[in-house]
Each structure stands twice: as structure tokens, then as C-alpha cells.
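Asker: Quick one: the structure is below, and I'll ask about it shortly.
The values are calculated or read from the model by the stated rules, or taken from the named source; none is laboratory data. Here the structure is a predicted model, which is why all the values come from computation and not from measurement. Cβ coordinates were reconstructed from backbone atoms using ideal geometry, including for glycine residues, and neighbour counts include every protein chain displayed.
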Amino acid sequence: MATPNHLGNHDHRSKELPQVLVLEPPPIMKFYGDQFLNDFQLLKAWESPLPLDQFLSIHAQSVKALLTPGRYPLTRNILQLIPSLQLVVTTSAGLNHIDLPEFQRRGIAIASAGDVYSEDVADMAVGLLINVLRKISAADRYVRKGLWDTKAEFPLGSKLCSKRVGIVGLGSIGQEVAKRLQAFGCRVMYTSRNKKPFVSYPYYSNVLELAADSDVLIICCGLTEQTRHMINKDVMLALGKEGVVINIGRGAIIDEKELVQCLVQRELAGAGLDVFENEPHVPRELLAMDNVVLSPHRAVHTPESLTAMCEHVKGNLEAFFSNKPLLSPVMNI
Amino acid sequence: MESICVLMPIPMNSYLEQELQKRFNLLKLWTAPQKPQFIKEHADSIRAVVGNSAAGADAELIEALPRLEIVSSFSVGVDKINLAKCREKGIRVTNTPDVLTEDVADLAIGLMLAVLRRLCESDRYVRSGKWKRGDYKLTTKFSGKTVGIIGLGRIGMAVAKRAEAFNCPICYYSRTEKSDTKYKYYPSVVELASNCQILVVACPLTEETRHIVNREVMNALGPKGVLINIGRGPHVDEPELVSALIEGRLGGAGLDVYEHEPEVPEELFGLENVVLLPHVGSATVETRKEMADLVLGNLEAHFSNKPLLTPLV
């Protein structure tokens with residue numbers, strides 16, 4: 001009688017199915033289980049009583065594919081223990097957990113999240129922006145506390161139409177944000193590593209100049225060595241006292257200590273944040289502010305995005321094991 | 001014009017009050033210890049009333065002011081003004097259309113995103129420290145959901161235009177089908193509610209549209225449906241709304257208006273699928289100034305015998 005073990009499938013089938021190593025379950029597995037990967041033999045490292053290096057030495061020497069969530073750093077040390085690795089499939093929109101130069105050096109392909117999440121993340125960015133400008137969360141708290149009466153006026157918000165919105169990073173997510181905000185009458189501009197052809201929004205070659213000409217900055221780029229703390233005190237001061245920052249990228253793109261100071265000293269008007277430098281820790285000064293909106297890193301946490309990601313992951317693995325092109329290969333590292 | 005008496009029933013905007021005080025003799029009814037007495041004392045000199053969405057000019061007030069010539073509303077909705085009586089007595093009425101269209105439409109979309117993505121609830125989650133113990137749950141995607149609009153006027157069209165940028169299919173109900181639009185028309189609100197996931201109230205409040213969103217409509221919208229009210233509280237049968245939400249027959253609601261403002265049914269305070277705003281549809285610094293300037297402009301035009309800027313009557 002075959003019993004399930006930490007190798008993920010019944011023993012008598014294990015030789016037929018291509019192996020996929022999973023060091024830690026990605027959110028899609030936590031929410032939806034692993035039925036969508038029934039065509040593969042999953043090597044679930046976290047279920048084994050063995051320490052990771054031993055597990056990998058015993059079970060992962062011929063493994064070619066790895067499925068990984070965003071929070072698990074894939075470093076040189078781990079790669080050394082998976083010598084046959086040819087593909088990593090990540091369920092995260094960001095790639096900052098992957099030592100990209102090392103992967104390139106070893107010729108390991110990377111399948112990214114593609115644009116599976118882009119709409120939901122863009123929706124979060126716009127939702128946070130409207131919330132900050134129009135004080136939606138603050139007003140909701142006000143009503144629920146029983147503070148609404150006709151004598152005292154709830155503080156006025158700020159109009160979204162005609163605001164100059166600087167998008168930092170015009171990838172798939174940035175473009176979805178731009179498309180949405182144009183419909184609200186915002187004036188969209190952007191900065192990016194390279195100017196995008198066929199894009200009509202004004203391009204700025206650096207974020208400081210973009211900030212100086214913007215009322216709002218929306219962080220839509222990935223976290224790299226170049227973008228770490230890119231949104232620093234100078235950028236925030238350039239954005240100005242009426243300025244609003246929205247971050248749906250990675251916490252470390254913004255110098256969080258400086259952000260808090262700017263908000264405390266009213267050098268910035270407000271912020272909408274889905275990501276932080278040390279999640280789930282949020283600077284305690286922000287917890288008391290009415291002009292910030294806080295979100296616990298959940299821009300992609302909808303059933304629609306996650307079920308689409310299950311299909312996307314399956315599609316990439318199927319493509320790889322049938323020697324077909326990946327659905328969402330990462331190029332130009 | 002400093003001697004012309006203008007009555008303002010409740011406070012609404014300090015810039016507007018200051019400017020009215022500069023140009024006219026502004027009478028602030030809310031400061032009077034005895035309101036009916038105050039009205040009697042000034043009845044012969046009040047020539048204008050400045051109202052808003054909360055207080056306008058009903059039949060009783062109009063009858064009490066024999067020299068009333070114009071009611072200028074600091075709002076686009078004029079359900080608090082007895083238009084028939086104004087017409088009967090030749091009293092002009094103005095409102096503030098267009099200048100607030102974008103703000104109200106922005107707020108409608110803001111409410112949709114806040115309800116569907118639980119932005120207020122997850123903000124509370126972070127502030128209470130719960131994130132340290134675990135992730136917030138899944139919430140539903142907004143992009144691509146079908147949006148049904150009751151009333152395809154200026155505000156309804158602005159909501160549609162924004163929702164389209166999120167790839168939302170748009171459908172609507174209106175008194176008559178519009179020939180110049182590509183959006184799908186439904187001849188009744190119940191049919192509209194049956195065929196959309198987010199229902200937005202964007203029509204004026206009249207006798208016909210009172211309780212236009214009733215129990216049947218809410219049941220049709222359903223346990224996954226979301227109601228967004230940026231019109232007037234009485235558009236929605238409020239007790240029915242409360243029970244529909246509590247019983248799970250309606251999936252969620254984003255409300256900017258209520259039947260008896262500033263009262264909000266307290267049963268709603270404990271619900272996480274509801275966002276409650278204190279009637280802030282046009283409440284931005286920029287728009288309130290534009291609205292105030294329209295009120296002032298209309299009054300000045302009237303009292304200089306020039307054409308009104310935004311007359312309704």
C-alpha cells in the first residue's frame with residue numbers, strides 16, 4: 001500500500017513524474033494546496049525532518065526545477081546544493097530574492113510571475129492613492145467612532161483629477177497604473193531604467209527630477225542594488241509638502257526612517273504603503289497617523305490572482321519539461 | 001450689495017461664508033437662539049437663501065420669506081429645495097453641476113476599491129498589530145468586475161469612464177435608454193442588479209427614485225454583490241440594507257450618504273464588508289472652492305440682473 005511521504009506523491013508513481021523542488025510553500029500552495037501540480041513530483045523540503053543541506057544532498061542532486069516563493073532568498077550556498085538545477089519558477093512579482101548574477105553565471109533560467117498580478121497590484125496602488133487623497137480610511141474611522149455631526153466638518157481632501165503622477169518603474173504594473181490614472185484625469189509621467197518606445201507619457205531620466213515635477217510618486221519598480229533607498233530624503237523634499245508617496249514595490253526602495261521623519265515633520269502630505277522595510281514590522285509613528293494608509297503586503301492576495309498564478313506556474317513547468325519556451329522567462333538581468 | 005440679506009441655514013464652508021459676508025449681509029440661521037423667531041424678524045429683508053445637500057428651502061421656509069428671489073445651492077443635488085414652489089413663485093434656483101463631477105466619481109471608484117479590497121479593514125489589521133501574527137485574508141479583485149450604474153448623467157458617465165480603465169464591463173439603468181452610448185441598458189433596476197457585481201447609485205433624488213434600491217434589488221445584487229451609494233441616502237431603503245448586509249444577502253456596501261445624516265445605523269459599525277463615509281463626495285479643497293465661487297457668481301449675476309451661471313429654475 002503506497003503512502004504519501006515528504007516526496008509528495010505515492011511511491012509507485014514517483015518515477016514517472018518530473019521532479020520539482022519546493023523549499024518553502026508559496027502563498028498559492030498555502031491557500032490552494034498542491035493539486036494543480038499533480039503532474040509533477042514535488043520534493044517538499046520543509047516537510048522533511050532533515051536539515052536542509054542534508055535533505056538536498058540526499059534528494060535533490062538530480063532535480064532540475066525549483067518552485068519558490070518571494071520571501072525565500074536563493075543564494076549561492078543553496079545553489080551549490082542543487083547542482084542539476086536548470087530552472088527556477090517564482091510566484092513573486094519581485095525578483096529581489098534571487099541572486100540574479102549567480103543564476104546567470106550558472107545558466108539557470110528564471111520564470112517570473114509575468115503579468116499575472118499586474119492588474120491587482122495596479123488596483124491596490126490606485127486604491128491606496130484615492131484613499132490617501134480623499135481620506136477614506138480616516139473618514140471611515142471617524143464615522144465608526146460616532147464623531148460625525150453636521151457642525152464640525154471632516155477635513156477636506158484633495159482632488160485627484162489633474163494631479164501630476166510620477167510613476168517610478170514603467171513595467172507591466174506601472175503601465176496598468178498609468179492607464180487607470182489617466183482615466184481620472186491625472187497627468188502621468190515616469191522614470192525607468194530606459195525610456196520606453198511607444199509610450200507617450202513624459203520620461204524623466206532620474207527620480208529626483210521626476211519628484212520635483214510631481215504631486216504623487218508611485219513606486220512600481222523592483223528592488224535592486226540601484227533602487228535600494230532610491231526614494232531618499234532629497235527625493236521626498238523635492239516631491240514637497242503636498243506630496244504623496246504610494247509604495248506597492250518593495251519597502252527597501254524607500255528610506256523608511258526618512259519617510260517617517262518627513263511625514264512627522266510635515267515635509268510630505270501623506271503616504272499609502274503596502275510594503276515595508278522589515279515586514280511585518282511597521283514604524284510605530286505611522287500607526288497613529290491619519291494621513292497614511294497601511295496595507296499588510298497583500299496587493300496580489302485575491303483568489304483571481306492566486307488561481308491565475310497556479311495556472312501560470314503549471315504552464316511554465318510544463319513548458320520547461322517539454323522543451324518548449326517558458327511563458328515568462330526573465331531576460332536582460 | 002452689502003445690504004442684500006442672504007440667509008444660510010447651516011454652516012457649510014468657511015471660504016463661502018467669508019465671501020458672502022464681504023459682499024452681502026449674511027444671516028447665519030444656526031447662530032440664532034430661536035430659529036423661527038429669527039426668520040420672522042428678518043422675513044422682510046431676506047432675498048436669497050444659500051443651501052446645500054443637508055438644508056435647502058422647503059415649502060414652509062419659502063412661504064415665510066415673501067421677498068425671496070433666489071435659492072443658490074452649494075451642491076448639485078436639490079432634493080432639499082421645493083422646486084415646484086419656487087417655480088410657482090418665480091424664485092430662481094441654482095446649483096453646482098460639473099465642478100464636482102470628477103470628485104464624486106473618484107470617490108465612487110475609491111469606495112469600490114476600498115470595499116472589494118478591504119482597504120480600511122486591513123489598515124485596521126496593521127494598526128492593531130495583528131499582522132505580526134499572520135497574513136490578512138484574501139479579498140476579491142476589482143478589475144474586470146461588471147459595474148452597473150443607476151443614472152447615466154454627468155456623474156454616472158464619469159464613473160463609467162473610470163471603471164472602463166479597470167476593464168470593467170459597464171451597464172446601466174436610466175429613465176430612458178441613451179442612444180449615444182455603447183454601454184448595455186437594462187429597463188429595470190432589478191435586472192441591472194441581477195447582471196452586475198457592483199451597483200452604483202448616481203441619479204438625482206426625486207419622488208420616483210426614492211428607495212429605488214429596495215430589498216428586491218439588493219437580493220438580486222446578491223451575496224457577492226456590492227452597493228455603492230454616492231447619490232442620496234433615501235435612494236436606498238436603509239433598514240433593508242442593514243438587514244441584507246447582516247444576513248449576508250448582500251456582499252458589501254460603500255456608503256457616502258444615509259437616510260438621516262449624520263445618523264449612521266450602528267449595526268454597520270461592526271461589519272468588515274462596509275465602508276462608511278460622512279458625505280464627502282465633493283469634499284476637496286479644490287472643488288469646494290469652485291462650488292463656492294459658483295454660488296457667489298450666481299448670486300452676483302442675479303442681483304446685477306445678469307444671466308445666471310447654472311440655473312435650474
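Asker: Within the group A:223, A:160, which residue is surrounded by fewer than 23 Cβ atoms within 10 Å (Cβ to Cβ), within 30 Å of residue B:144 (Cα to Cα) and of a type outside the set (D, E, K, R)? Give the steps one after another, and end with the answer.
Answerer: Details: A:160 fails: surrounded by fewer than 23 Cβ atoms within 10 Å (Cβ to Cβ).
After applying the criteria, what remains is A:223.
Asker: Condition first: in a helix (DSSP H, G or I), touching a residue at least 24 places away in the same chain (Cβ under 8 Å) and more than 20 Å from the chain's Cα centre (by Cα). Can you find one or more residues in the range A:155-175 that meet it?
Answerer: Within the range A:155-175, none of the residues are in a helix (DSSP H, G or I), touching a residue at least 24 places away in the same chain (Cβ under 8 Å) and more than 20 Å from the chain's Cα centre (by Cα).
Asker: Give A:112, A:118 a once-over and let me know the one that is within 14 Å of another protein chain (Cβ to nearest Cβ) and under 16 Å from residue A:327 (Cβ atoms).
Answerer: The unique qualifying residue is A:118.
Asker: Here's a follow-up. If you take the residues in the range B:247-272 that are more than 10 Å from every other protein chain (Cβ to nearest Cβ) and under 21 Å from the mean Cα position of the chain (by Cα), which one is farthest from residue B:18 (Cα to Cα)?
Answerer: It comes out as B:252.
Asker: Limited to the range B:179-208, what total is found for residues that are among the aliphatic types (A, V, I, L, M), touching a Leu at 6+ places or on another chain (Cβ under 7 Å) and farther than 14 Å from residue B:235 by Cβ?
Answerer: Number satisfying all stated conditions: 0.
Asker: Something else now. Looking at residue A:119 and the list (1) farther than 20 Å from residue A:292 by Cβ; (2) buried (at least 22 other Cβ atoms within 10 Å of the Cβ); (3) more than 18 Å from the chain's Cα centre (by Cα), which single condition is not satisfied?
Answerer: Result: residue A:119 fails condition (3) only.
Asker: Would you check if there is a residue in the range A:277-299 being in contact with a Gly (Cβ under 7 Å, 6 or more places away or on another chain), charged (D, E, K, R), surrounded by 17 or more Cβ atoms within 10 Å (Cβ to Cβ) and not in a helix (DSSP H, G or I)?
Answerer: Looking for residues that are in contact with a Gly (Cβ under 7 Å, 6 or more places away or on another chain), charged (D, E, K, R), surrounded by 17 or more Cβ atoms within 10 Å (Cβ to Cβ) and not in a helix (DSSP H, G or I), one finds at least one in the range A:277-299, hence yes.
Asker: Something else: I'd like the full set of residues that are within 21 Å of residue A:235 (Cα to Cα) and in contact with a strand residue (DSSP E or B) (Cβ under 8 Å, 6 or more places away or on another chain), limited to the range A:178-196. First the steps, then the outcome.
Answerer: Applying the first criterion (within 21 Å of residue A:235 (Cα to Cα)) to the range A:178-196 yields A:178, A:186-195.
Within the range A:178-196, A:178, A:186, A:187, A:188, A:189, A:190, A:191, A:192, A:195 meet the criteria.
Asker: Are there strands (runs of 3 or more DSSP E) fully within the range B:2-62 with at least 3 residues that are crowded, with 18+ Cβ neighbours inside 10 Å? List them.
Answerer: Hits in the range B:2-62: B:5-8, B:46-51.
Asker: Can you tell me which residues in the range A:60-91 are part of a strand (DSSP E or B) and more than 18 Å from residue A:25 (Cβ to Cβ)?
Answerer: Let us first name the residues in the range A:60-91 that are part of a strand (DSSP E or B), namely A:65-68, A:74, A:87-90.
Within the range A:60-91, A:87 is the sole residue that qualifies.
Asker: Considering B:275, B:280, which residue is in a loop (DSSP other than H, G, I, E, B), touching a residue at least 60 places away in the same chain (Cβ under 8 Å) and either at the interface with chain A (Cβ under 9 Å from one of its Cβ atoms) or touching a Leu at 6+ places or on another chain (Cβ under 6 Å) (or both)?
Answerer: B:280
Asker: Right, another one. Quick check, is residue A:117 farther than 22 Å from residue A:211 by Cα, modelled with pLDDT of 95 or more, touching a helix residue (DSSP H, G or I) at 6+ places or on another chain (Cβ under 7 Å) and of a type in the set (Phe, Trp, Tyr)?
Answerer: yes
Asker: What's the number of the condition residue B:169 fails, among (1) surrounded by fewer than 22 Cβ atoms within 10 Å (Cβ to Cβ); (2) within 21 Å of residue A:301 (Cα to Cα); (3) touching a Ser or Thr at 6+ places or on another chain (Cβ under 6 Å); (4) not small (Gly, Ala, Ser)?
Answerer: Against the list (1) surrounded by fewer than 22 Cβ atoms within 10 Å (Cβ to Cβ); (2) within 21 Å of residue A:301 (Cα to Cα); (3) touching a Ser or Thr at 6+ places or on another chain (Cβ under 6 Å); (4) not small (Gly, Ala, Ser), residue B:169 comes up short only on (2).
Asker: Are there helices (runs of 4 or more DSSP H) fully within the range B:148-246 with at least 1 residues that are within 14 Å of chain A (Cβ to nearest Cβ)? List them.
Answerer: On the way: elements: B:154-164, B:189-194, B:215-221, B:238-246.
In the range B:148-246, the matching helices (runs of 4 or more DSSP H) lie at B:154-164.
Asker: Please determine whether any residue of the range A:226-233 is within 25 Å of residue A:159 (Cα to Cα) and either within 21 Å of the chain's Cα centre (by Cα) or surrounded by fewer than 15 Cβ atoms within 10 Å (Cβ to Cβ) (or both).
Answerer: The answer is yes, given that some residue of the range A:226-233 is within 25 Å of residue A:159 (Cα to Cα) and either within 21 Å of the chain's Cα centre (by Cα) or surrounded by fewer than 15 Cβ atoms within 10 Å (Cβ to Cβ) (or both).
Asker: Considering only residues that are surrounded by fewer than 20 Cβ atoms within 10 Å (Cβ to Cβ), touching a Leu at 6+ places or on another chain (Cβ under 8 Å) and more than 14 Å from chain B (Cβ to nearest Cβ), which ones fall in the range A:27-40? Break it down into steps so the answer makes sense when it comes.
Answerer: At the first step, the residues of the range A:27-40 found to be surrounded by fewer than 20 Cβ atoms within 10 Å (Cβ to Cβ) are A:30-36, A:38-39.
From what is left, the residues that are touching a Leu at 6+ places or on another chain (Cβ under 8 Å) are A:31-32, A:34, A:39.
A:34, A:39 - these are the residues of the range A:27-40 that are surrounded by fewer than 20 Cβ atoms within 10 Å (Cβ to Cβ), touching a Leu at 6+ places or on another chain (Cβ under 8 Å) and more than 14 Å from chain B (Cβ to nearest Cβ).
Asker: Quick one: in the range A:130-154, of everything that is assigned to a loop (DSSP other than H, G, I, E, B), crowded, with 17+ Cβ neighbours inside 10 Å and at the interface with chain B (Cβ under 7 Å from one of its Cβ atoms), which residue is nearest to the chain's Cα centre (by Cα)?
Answerer: Out of the qualifying residues, it is A:154.
Asker: So which of A:114, A:94, A:127 ends up being assigned to a helix (DSSP H, G or I), within 27 Å of residue A:30 (Cβ to Cβ) and not aliphatic (A, V, I, L, M)?
Answerer: A:127
Asker: Next question, about the same structure. Could you list, in sequence order, all residues of the range A:249-272 that are closer than 22 Å to residue A:159 by Cβ and crowded, with 23+ Cβ neighbours inside 10 Å?
Answerer: Correct list: A:268, A:270, A:271, A:272.
Asker: From A:168, A:177, which residue is under 25 Å from residue B:104 (Cβ atoms) and crowded, with 24+ Cβ neighbours inside 10 Å?
Answerer: Result of the check over A:168, A:177: A:177.
Asker: Is one or more of the residues making up the range B:258-271 surrounded by fewer than 23 Cβ atoms within 10 Å (Cβ to Cβ), assigned to a loop (DSSP other than H, G, I, E, B) and touching a His at 6+ places or on another chain (Cβ under 7 Å)?
Answerer: yes
Asker: Which residue out of B:264, B:236 is among the aliphatic types (A, V, I, L, M), at pLDDT 95 or above, assigned by TED's automatic domain parsing to the domain that holds residue B:172 and within 17 Å of residue A:148 (Cβ to Cβ)?
Answerer: B:264
Asker: Go through (1) farther than 27 Å from residue B:141 by Cβ; (2) within 14 Å of chain B (Cβ to nearest Cβ) one by one and return the number of the condition residue A:321 breaks.
Answerer: (2)
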